[in-house]
Each structure stands twice: as C-alpha cells, then as structure tokens.
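Working notes for the structure below.
Here, each number is a calculation from the coordinates, and none is a lab measurement. Nothing here was measured: the structure is a model prediction, and the numbers come from that model. Don't worry about glycine lacking a Cβ; one is built from the backbone with ideal geometry, like all the others, and counts go over all protein chains shown.
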Amino acid sequence: MADAALLVLGESGSRGLTHRAVDAAAGVPIGTTSNYFNTRLALLEAALVLHVEIDTPPEAAPAGVPDLELTDEEALELIMANLERLLANENLGMLRARYELVLEASRNRDLGKTFEPARERFVELAEAVLVARGCSSAREHAVQLVVVMDGVLTDSLIGASSRLDGGRMRDLLARQLETC
C-alpha cells in the first residue's frame with residue numbers, strides 16, 4: 001500500500017492521496033488501506049519511509065566499504081549516475097512523490113519529524129562519497145551538495161528555463177566538488 005501511495009502522490013499529488021485512491025491503485029478492496037493506516041498521516045509516513053528505502057538502499061552507501069578512496073572523477077560519476085537515475089522518465093513519478101512529501105512535511109510538524117531523519121540519510125550518503133574522495137570538511141560540503149542536487153532536480157522536474165542539461169549539470173557538480 002505504501003507503493004500505491006507513492007504512485008498516487010506522483011500521479012495525482014498530495015490532494016489526490018486518499019485511502020480510497022490508494023485502495024484503487026493497489027487493487028485491493030475499499031477500506032483495506034484504512035485498516036492498515038487509519039490516518040492520512042500514517043499513510044504519508046509509510047510512503048515516506050518506503051521512498052527513502054527505495055531512493056537510498058543500503059548498498060548505495062560507500063560508507064560501509066572500509067578505506068574506500070574515490071578520485072574526483074569517480075565521485076562525480078557516482079553523483080551524476082544518481083541524478084540521471086532520479087531524472088529518468090520512468091522515475092519522474094517517484095520524484096514528484098518526493099516533492100509532494102517534502103511539501104506535506106513543511107505543513108505537518110509530525111511528518112516533518114519523520115522527514116528529518118530521511119533527509120539526514122541523503123546527507124550521509126553524500127558525506128560518504130565526499131569522505132571517500134578525501135574531503136576535509138565532508139559534512140559541511142555534503143549538506144551543500146544535497147541542496148545543489150535538490151535545485152537541479154526541482155528545475156528539471158518542473159521544466160524550468162534554468163534547468164541544466166547533462167553537461168552543465170556535470171560542470172556544476174564538478175565545481176561543487178572542487179570546493180572541498
């Protein structure tokens with residue numbers, strides 16, 4: 001049902017997220033979602049937890065590999081591969097769902113509390129890449145890198161005139177890596 005909730009969020013937005021809509025998307029009898037997630041907040045929290053699991057699987061973290069070293073080019077390739085995956089046509093619904101969850105978390109203190117550890121997980125992944133490439137201020141730069149990546153994703157998702165093509169995205173991220 002959390003999968004179906006992400007699908008609904010990505011297709012219909014937050015306003016379209018109802019227990020009935022999730023039932024329909026999951027192909028289960030009406031009322032099933034309500035039995036598992038009796039509030040909209042519980043449903044949003046389940047969607048957020050699943051989103052983070054999908055977007056940041058444990059195997060994606062270089063932090064678990066002792067003494068991992070990355071060159072600037074290897075770190076850039078990892079970051080670019082992640083952005084390209086997120087921006088692939090088949091993943092745009094998931095990206096839309098992410099931003100719907102971000103907006104909901106900005107309006108709902110309880111969901112915001114759930115969102116904060118999720119955000120931390122993204123920062124930790126960025127930090128692990130930066131540590132592996134020898135960054136002396138990895139934590140500070142990881143926060144900045146995640147913010148830059150969010151901007152790239154947002155501009156691309158909405159089709160902003162300021163959105164970057166692959167080459168300009170690579171250039172921006174290379175300059176970001178040069179700062180640490």
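Sort 44-50, 7-13 by packing, meaning the average of other beta carbons within 10 Å per residue, with the highest value first.
Working: 44-50: 21.6, 7-13: 19.1.
By packing density, highest mean first, the sequence is 44-50, 7-13.
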Problem set entry | Ellipticity estimate at 222 nm from DSSP helix runs (n ≥ 4, -39,500 (n - 2.57)) divided over the chain, nearest 500 | -23500 deg cm²/dmol
For this session: Please give the contour-minus-distance gain from E77 to T18: 0.36 nm per residue of separation, less the Cα-Cα distance, rounded to one decimal in nm.
Result: 17.3 nm
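Using the number of other C-beta atoms within 10 angstrom as an exposure proxy, rank M169, M94 with the fewest first. Before the final figure, lay out each step's value.
Details: M169 21, M94 18.
Sorted ascending by nearby Cβ count, the order is M94, M169.
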Seminar exercise, completed: Given (1) 19.5, 58; (2) 16.0, 54; (3) 17.6, 54 as possible values of Rg and Dmax of the Cα atoms in Å, the one from the coordinates is (3)
Exercise. Once fully extended, how much extra length lies between N108 and N38, figured as 0.36 nm per residue of separation less the alpha-carbon to alpha-carbon distance?
Worked result: 23.5 nm
Exercise. Remind me, relative contact order of the stretch 2-178 in percent, using alpha carbon pairs under 8 angstrom and six or more residues apart?
Worked result: 25
For this session: Show me 34-41, 131-138, 84-91 ranked by packing, highest mean number of other Cβ atoms within 10 Å first.
Result: 131-138, 34-41, 84-91
Exercise. Each residue of the stretch 25-35 in turn: what ³J(HN,Hα) in whole Hz from Karplus with 6.51, -1.76, 1.60 and θ = phi - 60°, glycine and Pro shown as x?
Worked result: 5, 7, x, 10, x, 4, x, 4, 4, 4, 5
Exercise. Can you pull the semi-axes for the stretch 89-180, root of five times each eigenvalue of the Cα gyration tensor, sorted largest first, whole Å?
Worked result: 23, 20, 10
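Compute the FRET efficiency between D67 and L92 as 1/(1 + (r/R0)^6), taking r as their Cβ-Cβ distance and R0 = 30 Å, and round to the nearest 0.05. The partial results should precede the final answer.
Values: r = 37 Å, r/R0 = 1.23.
Calculated transfer efficiency: 0.20.
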